[in-house]
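This report refers to the structure that appears directly beneath it.
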Amino acid sequence: MKPARRQFLHLLAGAAVLPAASRFAWAQAYPSRPVHVIVGFAAGSGNDISARLVGQLLSDRLGRQFVIENRPGASGNLAVEAVARARPDGYTLLSVGPASAINATLYGNLSFSFPRDIAAVAGAMRVPNVMVVNPSLPVTTVPEFIAYAKANPDRINLATAGNGSTLRVFGELFKIMTGVNMVAVVYRGGAAALVDLLGGQVHVMFGPLPEAIGYIKAGKLRALAVTSATRSAALPGIPTVGEFVPGYEASTWYGIGAPRDTPADIVNTLNGAINAGLADPAIAERLATLGAVPLPMTPEAFGKLLADETEKWGKVIRAANIKAD
């Protein structure tokens, strides 16, 4: 073989290997620059708190800055759309929560599909909501509440933070499974709903545990049950709704998503770092102050959770004929 031809074939073979080697080096180097985590809600929200916790875990373990970027609007849909349209290179992530699963059915004209366009990366934490009533309501247990509500149809007001809020759909699930009638009162946010519940203008709320626990311990609200499948260590003496309404479970969960087609190597790198961070006892202790527990999951398991929650709340929204605000 002539030297020139031999040299040409050698170069050609090297060029064929180069793209694969480059892709491998690129994946191995991830992350090589700051990563943005998009949050569809304001600072201080559950999504935001979860994102900042996870961002710190990832920064500590992967050696790059994870920047939390709040883009509130359209009930979190603006953030999901931004991530769905971002390059699937691991440098744009999404703080995922129940709103995205609820919105998939609540809004019929979205330019993206949450289950299709967002890849599951990792769970972060799970927080129960708590069924609380104003102390003036003459009930102390879930069975007493059900009996009272059935004896006083259309006289029980359910405080909600908007039609797409967990406060609304968790309450609607309770209505469907118990046959009680409650009138949903829509507020512009959970804080306003909580104020009126404290004042007695509304009677019951399926509110986030971290926001209600101080009022429960002060005796300003009465906790009837937590909405999770198991009791909460933050309120160990309070039963679950499911102890009286078999099969009832409704939890607020948070995690991390990425654009569809993000390489598996990157997803696994992020998942491993997050799960390692969640295994730290100090993190579990920090979450416990919020009434939360770590939610370590594989990408596949977290993806199943997203799909199951989307289907579950879709059924509730359709059954209750809930419309977007």
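The values are calculated or read from the model by the stated rules, or taken from the named source; none is laboratory data. Quantities reported herein were computed from a predicted structural model and do not represent experimental measurements. So basically every Cβ, Gly included, is an ideal-geometry build from the backbone, and we count neighbours across all protein chains shown. The area values use the complete protein model at the heavy-atom level, side chains included, leaving out ligands, DNA and RNA. Shrake-Rupley method; radii C 1.70, N 1.55, O 1.52, S 1.80 Å.
Structure notes:
- Checked against the criterion of being touching a strand residue (DSSP E or B) at 6+ places or on another chain (Cβ under 6 Å) and hydrophobic (A, V, I, L, M, F, W, C), the candidates Ala233, Ala250, Ala258, Ala218 yield just one match: Ala258.
- Any hit, the stretch 57-66, residues being under 20 Å from Gly291 (Cα atoms), touching a residue at least 60 places away in the same chain (Cβ under 8 Å) and of a type outside the set (Lys, Arg): yes
- Of all residues in the stretch 302-324, those that are aliphatic (A, V, I, L, M), open to solvent by less than 40 Å² (accessible area, probe 1.4 Å) and either under 25 Å from Ala279 (Cα atoms) or in a helix (DSSP H, G or I) (or both) total 5.
- Residues that are of a type in the set (A, V, I, L, M, F, W, C), assigned to a helix (DSSP H, G or I) and in contact (Cβ under 8 Å) with a residue 12 or more places away in the chain were ranked within the stretch 143-166; the one that is nearest to Val133 (Cα to Cα) is Phe145.
- Criterion: in contact (Cβ under 8 Å) with a residue 12 or more places away in the chain, within 30 Å of Phe112 (Cβ to Cβ) and of a type outside the set (Lys, Arg) - qualifying residue of Leu221, Leu209, Leu173: Leu173
- Residue in the stretch 26-33 that is within 23 Å of Ile274 (Cβ to Cβ), open to solvent by less than 90 Å² (accessible area, probe 1.4 Å), of a type in the set (D, E, K, R) and at pLDDT 50 or above present: no
- Top-ranked residue of the stretch 45-74 - restricted to ones that are under 18 Å from the mean Cα position of the chain (by Cα) and of a type in the set (Ser, Thr, Tyr), ranked as modelled with the lowest pLDDT: Ser45
- Residue that is nearest to Phe206 (Cα to Cα) [pool: residues in the stretch 104-117 that are open to solvent by less than 50 Å² (accessible area, probe 1.4 Å) and in contact with a helix residue (DSSP H, G or I) (Cβ under 6 Å, 6 or more places away or on another chain)]: Leu106
- For the stretch 56-102, filtering for residues that are open to solvent by less than 20 Å² (accessible area, probe 1.4 Å) and assigned to a strand (DSSP E or B) leaves 5.
- Top-ranked residue of the stretch 265-301 - restricted to ones that are more than 21 Å from Ile49 (Cα to Cα), in a helix (DSSP H, G or I) and polar (S, T, N, Q), ranked as most open to solvent (accessible area, probe 1.4 Å): Asn268
- Qualifying residue in the stretch 303-318 (condition: free of Cβ contacts under 8 Å to residues at least 60 places away in the same chain and touching a Pro at 6+ places or on another chain (Cβ under 7 Å)): no
- Among the residues making up the stretch 214-238, those that are in a loop (DSSP other than H, G, I, E, B) and open to solvent by less than 20 Å² (accessible area, probe 1.4 Å) are Leu221, Thr227, Ser228, Ser232, Leu235.
- Selection count, the stretch 184-203, where residues are touching a strand residue (DSSP E or B) at 6+ places or on another chain (Cβ under 9 Å) and not in a helix (DSSP H, G or I): 7
- The stretch 248-262, subset open to solvent by less than 40 Å² (accessible area, probe 1.4 Å) and assigned to a loop (DSSP other than H, G, I, E, B), residue nearest to Leu167 (Cα to Cα): Ala250
- Per the conditions (1) at pLDDT 95 or above; (2) farther than 13 Å from Met125 by Cα, the sole criterion not satisfied by Ala234 is (1).
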